[in-house]
Amino acid sequence: MPSNCLFFLSMPGLRKRDVTLEHTPTLYRWANEGSIAELAPSFPCVTSPVQATFWTGRPARDHGVIANGFYHRDRRAVEFWVARNEVIAGEQIWDVLPDGVTSAVWHAQNIKDCGADYIVTPAPIHEADGTTKLWCYSKPDGLYEAAIEQHGHFPLQHYWGPLANIESTRWILRAAAWLHASHAPRFHWVYVPHLDYASQKYGPNSPEAVAALEELDKELSAFEDSLRKAGGRDISFVAAGEYAMTDVSGVVYPNRALREAGLLSVEERDGAEYIDLAGSAAFAMVDHQFAHVYVPDESRCAEVAGVLRALPGVARVLVGAERGEVGIAHPRSGEIVAIAEDTHWFAYYFWLDDAKAPRYARTVDIHSKPGYDAVELFFDPATKSIPLDATLVKGSHGVPATESRHRAALICSTGDGLIQAGNLYRDTDIRDLTLSAMRA
């Protein structure tokens with residue numbers, strides 16, 4: 001295939017069924033000029049683990065990215081969206097590209113300090129007065145400043161939270177096109193987040209999700225036009241859905257159940273409650289449709305598992321070696337892994353009275369919360385804050401991809417056999433497929 005310049009577009013939530021002439025003519029044309037197939041993500045089917053699998057060709061049990069966050073047992077701290085590449089074990093694609101092939105990465109997770117030649121990813125600066133300065137980490141030094149001159153600051157407020165919209169994806173694509181014209185890396189890995197928002201807020205089959213597909217496709221068309229006008233190289237596209245979302249109608253609160261069973265302890269500060277990680281016999285670090293449950297005294301795992309199994313909406317509770325059944329038996333994993341039915345998702349809430357919710361609960365605070373919080377996409381005008389209603393969320397992902405509805409799309413814009421239509425691919429295949437394209 002003509003792969004002098006390859007753009008790999010990593011798209012959360014893109015399914016094969018979403019690619020239609022009516023709603024996504026650009027993606028549809030790529031699929032018909034090239035090929036389209038289904039892609040099954042490895043568990044856990046969430047952004048950070050799947051991206052690490054794309055780059056290493058290995059599942060989470062090998063590369064160690066067991067969720068979008070980690071619990072550090074040594075210092076008893078939860079850390080979500082850590083960003084540093086050192087958390088990923090194994091050789092990554094930028095380290096084995098053919099000689100002379102330069103690479104660029106836009107807005108990937110756990111990417112800081114990786115071996116790519118060019119990197120831009122959000123790194124807001126939190127000032128002492130509580131304000132946040134828009135900023136991005138970049139490699140080499142000064143790359144983000146150069147991007148600012150062309151496109152202004154990356155619109156972080158439109159990347160996540162109640163104001164999340166197409167503006168963040170538009171900036172990423174325009175900046176990637178600028179880098180192509182000005183620095184000419186041959187391999188571009190680009191995170192395209194837009195489909196994440198409407199699908200979580202309204203459900204993946206909602207009219208709002210269809211509108212998001214149309215918005216995204218228009219930006220992809222403009223992106224392709226910009227690249228073609230820059231000229232200089234043959235350009236190919238691979239678009240890969242990181243996962244597929246399912247409609248959800250229920251929410252599970254594992255930490256509340258553990259607290260009511262006397263297993264999770266809280267401490268009160270200034271009238272608000274926080275998890276006492278040091279004093280708890282068990283707590284759940286939740287992430288979309290699964291949870292790592294940490295149990296310092298493993299003799300209590302059966303007791304903890306019993307509490308979780310009794311919760312409506314919980315599909316599986318895997319203890320110890322059982323975690324290997326879904327490829328998540330890694331030292332960073334919880335002693336127990338809980339998986340929701342795909343009609344439910346896990347909320348991190350642990351308080352029993354909203355009046356005692358922690359200070360971060362009503363804010364967009366992705367680093368302080370002991371779990372992923374999809375409710376940050378919503379806004380309560382009455383309180384001018386994030387609501388405390390996890391039932392608002394209508395779409396989620398993360399369960400093992402055991403059914404066709406859990407599969408994403410894989411599209412190649414050229415018809416030279418890189419992707420065979422009708423085949424089922426896995427995210428562990430992506431690294432070698434991409435390398436074969438770059439060697440052609």
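The values are calculated or read from the model by the stated rules, or taken from the named source; none is laboratory data. None of these values were measured; they are calculated from a predicted model. Neighbour counts run over all protein chains shown; Cβ positions are idealised from the backbone, glycine included.
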Being surrounded by fewer than 17 Cβ atoms within 10 Å (Cβ to Cβ) and either within 28 Å of Leu377 (Cβ to Cβ) or more than 18 Å from the chain's Cα centre (by Cα) (or both) narrows His126, His194 down to just His126
If you check Leu21 against the conditions, is it part of a loop (DSSP other than H, G, I, E, B), in the same structural domain as Asp217 (by TED's automatic domain parsing) and under 18 Å from His188 (Cβ atoms)? no
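Kindly indicate whether Pro185 is more than 21 Å from the chain's Cα centre (by Cα), part of a loop (DSSP other than H, G, I, E, B) and within 27 Å of Leu97 (Cα to Cα). Working first, answer last.
Details: more than 21 Å from the chain's Cα centre (by Cα): yes; part of a loop (DSSP other than H, G, I, E, B): yes; within 27 Å of Leu97 (Cα to Cα): yes.
Considered against the rule, which asks whether it is more than 21 Å from the chain's Cα centre (by Cα), part of a loop (DSSP other than H, G, I, E, B) and within 27 Å of Leu97 (Cα to Cα), Pro185 comes out as yes.
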Exercise. Answer yes if at least one residue in the range 80-89 is of a type outside the set (Phe, Trp, Tyr), in contact with a helix residue (DSSP H, G or I) (Cβ under 7 Å, 6 or more places away or on another chain) and within 23 Å of Ser404 (Cβ to Cβ), and no otherwise.
Key: no
If you go through Ala257, Ala164, the only one that is hydrophobic (A, V, I, L, M, F, W, C), crowded, with 18+ Cβ neighbours inside 10 Å and not assigned by TED's automatic domain parsing to the domain that holds Leu97 is Ala257
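Listed here are the residues, each with its yes/no results for (1) touching a helix residue (DSSP H, G or I) at 6+ places or on another chain (Cβ under 8 Å); (2) buried (at least 20 other Cβ atoms within 10 Å of the Cβ); (3) among the aromatic types (Phe, Trp, Tyr).
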position: Ser299; (1), (2), (3): no, no, no
position: Glu303; (1), (2), (3): no, no, no
position: Gly313; (1), (2), (3): no, no, no
position: Glu325; (1), (2), (3): no, no, no
position: His330; (1), (2), (3): yes, no, no
position: Gly334; (1), (2), (3): no, yes, no
The residue that is surrounded by the most Cβ atoms within 10 Å (Cβ to Cβ), considering only those in the range 240-254 that are hydrophobic (A, V, I, L, M, F, W, C) and touching a Ser or Thr at 6+ places or on another chain (Cβ under 8 Å), is Met245
Among strands (runs of 3 or more DSSP E) entirely within the range 331-440, at least 1 residues that are within 25 Å of Ala310 (Cβ to Cβ) occur in 336-340, 344-346
Counting only strands (runs of 3 or more DSSP E) entirely within the range 229-302, those with at least 1 residues that are under 30 Å from Phe54 (Cβ atoms) and among the hydrophobic types (A, V, I, L, M, F, W, C) are 235-241, 250-252, 283-287, 290-294
Those residues of the range 12-41 which are surrounded by 22 or more Cβ atoms within 10 Å (Cβ to Cβ) and among the polar types (S, T, N, Q) amount to Thr24
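Of everything in the range 318-373, what is acidic (Asp, Glu) and within 30 Å of Ala123 (Cα to Cα)? Give them in sequence order.
Within the range 318-373, Asp365, Asp373 meet the criteria.
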